[in-house]
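Bear in mind these aren't lab numbers, they're just calculated from the coordinates by the rules spelled out. Because the structure is a prediction, the values reported are computed rather than measured. Methodologically, a virtual Cβ is constructed for each residue, glycine included, from the backbone with ideal geometry; neighbour enumeration extends over all protein chains shown.
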Amino acid sequence: MQKLKGCIIGAGKQGEVHARTLSEIPYVEVVGICDLNKSRAEELAHKYGIKEVYTDHNEMLAKSDCEFVAIVTPDHLHAQVTIDCANAKKHVLIEKPFATTREDIHAMLEAIERNNVRAMVDLHNRWSPPFSLAKRAIENGDIGEVHSGYIRLNDTKYVATDMLAWSANSSILWFLGSHSLDAITWLVNSRVEKVYSVSREGVLKNLGVDTVDMYQTTLEFENGAIVQMENSWITPNGNTAIIDFKCNVLGAEGMINVNTSSHDLIQITNETKTVTPDILAKPIVEDKMVGFSSNSIRSFIDRLIDGKPFLVSVQEASNTALAIIAILESANTGKAVKVQYEHSLASKG
Ligand SMILES: NC(=O)c1ccc[n+]([C@@H]2O[C@H](COP(=O)([O-])OP(=O)(O)OC[C@H]3O[C@@H](n4cnc5c(N)ncnc54)[C@H](O)[C@@H]3O)[C@@H](O)[C@H]2O)c1
């Protein structure tokens with residue numbers, strides 16, 4: 001069987017999710033992996049049978065005969081590698097968020113379009129069964145016209161203080177707000193028109209991490225729907241799950257509630273704590289990663305092969321990033337901000 005060849009840039013925690021998932025697809029071969037930290041790249045290469053290890057992604061792009069690249073660098077470092085991959089004519093799977101500045105978003109869209117490569121952003125909650133079912137119910141008209149919503153996607157402090165070395169270069173809005181904004185935008189089926197956000201800081205700064213604690217944001221959509229979105233990085237570490245993810249969508253004839261954390265499907269309790277292990281994102285069943293974290297990556301591969309559109313278009317992902325930029329501006333100025341969308345480019349979803 002002719003295998004689809006791919007490379008990975010960024011061999012961190014999420015890089016391993018890509019390496020593992022791709023290595024479990026029989027018609028894919030990961031031929032190269034690159035990380036500035038060579039020993040980390042070597043570790044994943046050894047674990048997942050990847051032959052070539054690099055510390056310079058441009059060298060990898062020049063030497064490797066891969067057709068696609070998974071970009072799994074920190075939030076603020078997606079742009080240059082994406083542009084270099086596009087210039088090397090590689091299709092790209094970019095981790096969320098698409099990018100964190102307007103300049104980066106524009107340059108990435110331009111490079112993707114000019115090089116005629118395909119790009120998907122890993123906004124993987126669209127593959128999460130509760131959100132997928134909610135989308136279908138809304139499309140079926142089960143709750144009538146959507147009028148409003150509430151979405152909360154929070155993390156425990158641990159993610160900002162211990163898990164991510166670069167949390168001060170990002171924020172809860174980029175790290176998780178990109179997911180919640182994409183999910184609710186998908187359900188509401190409209191673009192965000194205007195945002196008003198209030199933020200608070202201090203808890204994480206006192207813990208030595210120079211980033212904002214939380215954002216409470218009102219989103220007004222072009223179709224008239226209004227949504228309240230909460231993103232916080234200061235959930236107590238004793239919470240039963242790392243994430244706290246709740247969503248409500250209210251329609252003229254019904255309502256949908258989603259709770260993907262603190263569920264009752266399995267709870268494990270010891271002398272000090274109860275945990276509700278993840279059963280949706282990346283549980284291991286029969287030694288394979290089976291949840292929506294790997295299904296989005298599998299879907300990227302399937303759509304590369306059959307040529308059909310990706311479930312998340314690059315235009316939608318860049319719009320989500322542009323809406324987050326408006327939220328940051330609103331939180332900084334205390335004023336409502338209209339989202340400034342890019343007018344052209346990148347239909348290669
Ligand atoms: N889809 C999801 O739900 C999900 C989950 C976790 C993380 N992520 C995203 O994945 C990305 C990576 O997160 P992570 O948790 O793996 O971070 P991480 O810090 O564990 O790993 C990032 C790696 O990228 C490497 N790197 C940085 N610049 C590089 C460059 N120019 N070339 C090669 N390697 C480079 C670093 O050395 C590091 O090993 C982030 O954008 C994050 O938001 C997505």
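Sort 320-327, 266-273, 281-288 by the packing proxy (mean of other Cβ within 10 Å over each peptide's residues), most packed first.
320-327, 281-288, 266-273
Taking square-rooted eigenvalues a ≥ b ≥ c of the alpha carbon gyration tensor, is the range 234-349 rounded, prolate or oblate, where a/c under 1.5 means rounded and, failing that, a/b exceeding b/c means prolate?
Verdict is oblate for the range 234-349.
Which helices, counted as full DSSP H runs in the chain, have an axial Cα extent of no less than 27 Å and a Kyte-Doolittle average of 0.5 or above?
314-333
Share of antiparallel DSSP beta bridges in the chain, in percent to the nearest 5?
Around 55 percent of the beta bridges assigned by DSSP in the chain are antiparallel ones.
Residues in the range 56-100 near a label at Gln340, defined as backbone nitrogen under 19 Å from the 7 Å Cα→Cβ point?
98-100
Given axes a ≥ b ≥ c from the Cα gyration tensor, I'd like to know whether the range 1-56 is rounded (a/c under 1.5), prolate (a/b larger than b/c) or oblate.
Prolate shape, in that a/c is at least 1.5 and a/b is the bigger ratio.
With Cβ to Cβ distances under 12 Å as the rule, what net charge do the other residues near Lys96 carry (K, R +1; D, E -1)?
Local net charge: -4.
Assigning unit charges at the beta carbon (Lys, Arg +1; Asp, Glu -1) and nothing else, what dipole magnitude in debye, to the nearest 20, does the chain show about its Cα centre?
That gives the chain a dipole magnitude of about 260 debye.
Rank-order 5-12, 336-343 by packing density, defined as the average count of other C-beta atoms within 10 Å over each peptide's residues, highest first.
5-12, 336-343
For the chain, modelled as a GNM with alpha-carbon contacts under 10 angstrom, which of Asn231, Asn223, Asn295 fluctuates the most?
Its mean-square fluctuation being the largest, the pick is Asn223.
Under a crude label model (7 Å from the Cα following the beta-carbon direction), how far is Thr218 from Lys13 in nanometres?
Those two pseudo-labels are separated by 3.4 nm.
Taking the chain as a whole, which cysteines find no other cysteine Cβ under 4.7 angstrom from their Cβ?
Cys34, Cys85, Cys247
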